[in-house]
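To start, the structure under review is shown below, and the notes come after it.
The values are calculated or read from the model by the stated rules, or taken from the named source; none is laboratory data. Treat the numbers as computed from the prediction; the structure is a model and nothing was measured. Methodologically, a virtual Cβ is constructed for each residue, glycine included, from the backbone with ideal geometry; neighbour enumeration extends over all protein chains shown.
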């Protein structure tokens, strides 16, 4: 008796419908300027999600995302391009979209560290900043091709992060977290007193240039003018899709199992041969690599780096995205990054109360849905595979 | 015959407490040895020292002739010793299959490149592992084999015990250490579990087992020989009926009459 539940695939339609609705909603939210409309739209979203949850419509959506991940992943890429196309000449919105994409890459890195291996990292923004400083220095003083600067930023973040390996391996839980907080403070002080790296004022970052194509020029195709951020959007999408596939494959492999088992019970994992240090190091370095790579591109997008942009508070925001989205679920991270980055940016009236709002949202979240917006499903190594 | 596992003068102190006090213990290949004694007599401590969770203060442990005193848990697992825990230590959010695969670590390819890039090779390894895990679970409970990708968190205690034993067996160890497999289960469930363990052993005659147990019916039924501990020392040794009749053993369990 092979349960019918296991054999039949969930329909694609609920997932595709939800994706279409979410895309349309996002476009509306990004397009509207009037504060009262934005507040109205946000309330609509909250009510809609609660109602859908109450009516039991969310479960079919998540099932179709599990069973048709490749198809829906492809559709999500199309949806992202649709959003970008809609705002093709709007610098502000495109910058916001690029920010969402790169923050998602960074949280995917944090997800490998904390979501899978259970290694807390409260210096996420610092590693992001190391990437950005890398592109500032390399673009200004060297002829390194800019496409290579991105992985170099990642490698540099990973290797500077390896300074933390010894303390992180020797301590557990909260103590390891304190080590990363100390690192974040030290790095910031180092950058502030270091005049070669611009000191507290920071430095310019030259825009990306690939084969003579400058990303900082606006684009004209026939009569349509595109914002220069379109190039960065495409580049960020490439990075995000790559990071997403990497994290997906990592989770759906023996390594994903290793990381989970060391997070859940180090002693038991050790009794079954798991080399604890090796896998903690792997997760920490790989995560910082993703964060640094995203940071390197983000530096070029913003055109400017300063110690103040990569503070402990920013690290907390990255961490809160992880909690909100559903630890260990990359899809949840995409949704949560949109919420955490876009909402405060659109709601100019609450800017001052941003952190207050965060705190309230997270307390509500931890009380009502501690596993996050989209809880992580059980591992399926090869989603199409049936016993 | 040379013993498979041998402890000589094994001592472990916790502060002033001698958890193991110059313990000598040997188990022959293919034997089922019962390790019994009152609470706090050092049974679980012996398992923890033998599997490298605790270091020994004095003495030696040899496994198949090689010195494994103070070896890491990882090295001891690779040498061929697997265990279960007194309090179930499964990874509750993970599936049955995942939990069993934790015990299969030494048979799984661990390289980063293999796992990320050679997905079709990984799929073959996954399928072979799935078949092996399923076959093992079927010995214990065929219905459980239909639920391999469900989280362990939703299962009753007896199924969790079964999975823990499957996790210890999947790597085909030569020595299996069972730490109170009957804890938290009813009499009937315990008997069922013991039948399954004996069935596994009948299929694999090379398997040697040390079992810590308070359920004397279980000990009587499945062990070839017993070692009785009290205050970290061996106070009796022999077939169950013999040690049960031993005056020292009765004193240890019941207090001096």
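Brief remarks on what is shown
- Every residue from the stretch B:68-88 that is surrounded by fewer than 19 Cβ atoms within 10 Å (Cβ to Cβ), assigned to a loop (DSSP other than H, G, I, E, B) and facing chain A (nearest Cβ under 8 Å): B:72
- Residue list for the stretch B:219-235, filter: buried (at least 17 other Cβ atoms within 10 Å of the Cβ) and closer than 21 Å to residue B:30 by Cα: B:219, B:222, B:223, B:226, B:227, B:228
- All positions within the stretch B:112-125 that are part of a helix (DSSP H, G or I) and either more than 9 Å from chain A (Cβ to nearest Cβ) or under 23 Å from the mean Cα position of the chain (by Cα) (or both): B:113, B:120, B:121, B:124
- For the stretch B:89-103, the candidate set comprises residues that are within 7 Å of another protein chain (Cβ to nearest Cβ), out of contact with any strand residue (DSSP E or B) (no Cβ under 8 Å at 6 or more places or on another chain) and in a loop (DSSP other than H, G, I, E, B); within that set, the residue that is farthest from residue B:145 (Cα to Cα) is B:89.
- Of the strands (runs of 3 or more DSSP E) lying entirely inside the stretch B:163-257, those containing at least 2 residues that are within 30 Å of residue B:91 (Cβ to Cβ) are B:175-179, B:208-212.
- When we screen B:183, B:145 for residues that are more than 10 Å from chain A (Cβ to nearest Cβ), under 22 Å from residue B:197 (Cβ atoms) and surrounded by 16 or more Cβ atoms within 10 Å (Cβ to Cβ), the only hit is B:183.
Per-residue answers, yes or no, for (1) more than 18 Å from the chain's Cα centre (by Cα); (2) surrounded by 15 or more Cβ atoms within 10 Å (Cβ to Cβ):
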| site | (1), (2) |
| --- | --- |
| A:34 | yes, no |
| A:49 | yes, no |
| A:55 | yes, no |
| A:61 | yes, yes |
| A:90 | yes, yes |
| A:95 | no, yes |
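- Positions within the stretch A:366-382 being touching a helix residue (DSSP H, G or I) at 6+ places or on another chain (Cβ under 6 Å) and either modelled with pLDDT under 85 or away from every other protein chain (no Cβ under 14 Å) (or both), in sequence order: A:372, A:373, A:374
- Qualifying residue in the stretch A:123-146 (condition: in contact with a helix residue (DSSP H, G or I) (Cβ under 6 Å, 6 or more places away or on another chain), assigned by TED's automatic domain parsing to the domain that holds residue A:196 and modelled with pLDDT under 90): yes
- Residue within the stretch A:48-56 that is in contact (Cβ under 8 Å) with a residue 60 or more places away in the chain and either over 25 Å from residue A:85 (Cα atoms) or not in a helix (DSSP H, G or I) (or both) present: no
- Residues located in the stretch A:251-275, provided they are more than 7 Å from chain B (Cβ to nearest Cβ), part of a helix (DSSP H, G or I) and under 17 Å from residue B:115 (Cβ atoms): A:251, A:256, A:258, A:259, A:262
- Cross-chain or 6+ apart pairs with Cβ under 8 Å, the stretch A:275-300 first and in the same structural domain as residue A:106 (by TED's automatic domain parsing) and on the phi > 0 side of the Ramachandran plot, then surrounded by 24 or more Cβ atoms within 10 Å (Cβ to Cβ) and at pLDDT below 95: none
- Residue match in the stretch A:343-365 (condition: touching a residue at least 40 places away in the same chain (Cβ under 8 Å), closer than 26 Å to residue A:257 by Cβ and away from every other protein chain (no Cβ under 14 Å)): no
- Of the candidates A:297, A:324, the single residue that is surrounded by 22 or more Cβ atoms within 10 Å (Cβ to Cβ), more than 14 Å from every other protein chain (Cβ to nearest Cβ), assigned to a helix (DSSP H, G or I) and at pLDDT 90 or above is A:297.
- Any hit, the stretch B:126-140, residues being free of Cβ contacts under 8 Å to residues at least 24 places away in the same chain, within 11 Å of chain A (Cβ to nearest Cβ) and crowded, with 18+ Cβ neighbours inside 10 Å: yes
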